[in-house]
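The values are calculated or read from the model by the stated rules, or taken from the named source; none is laboratory data. These figures come from a predicted structure and were not determined experimentally. Heads up, the Cβs are rebuilt from the backbone with ideal geometry, glycines too, and the neighbour counts pull from every protein chain shown.
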Amino acid sequence: MMTSIQKTATMGKVLALGLLVTALLAMLLSMAPAGAATTSGKAFARGYNEYGQLGNGASGAAADTDIPVAVKNLTGVRNIDGGFVHTLAVAQ
């Protein structure tokens, strides 16, 4: 039988996973640049990449992607947010 502390911890993990899935779905359904952070602090981005703005080392019109790609050299990410033409990451 789980204690109330274990139940609370489990609910927190379920909520965090649900929020991540919601963020990923919202990101995939949008054409605006977007990003997502994993619980391990990795960052992913999708969108236009003409000038290398996704941070994955690629650039040019052929580098645009609707599939999230890992952002290189960015770790410890706690949150990602943005607007129509920008994305910001908060790191530790």
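Tabulated results
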quantity	calculated
Complete set of residues in region 44-92 that are more than 15 Å from the chain's Cα centre (by Cα) and within 10 Å of Ala34 (Cα to Cα)	Tyr48, Phe84, Val85
Pairs where the first residue, in region 64-84, is more than 11 Å from Ala45 (Cβ to Cβ) and in contact (Cβ under 8 Å) with a residue 12 or more places away in the chain and the second is loosely packed, with under 14 Cβ neighbours inside 10 Å and charged (D, E, K, R), C-beta under 8 Å, 6+ apart	Asp64/Glu50
Gly76, sole failed condition from (1) at negative phi; (2) surrounded by 13 or more Cβ atoms within 10 Å (Cβ to Cβ); (3) at pLDDT 85 or above; (4) not basic (Lys, Arg)	(1)
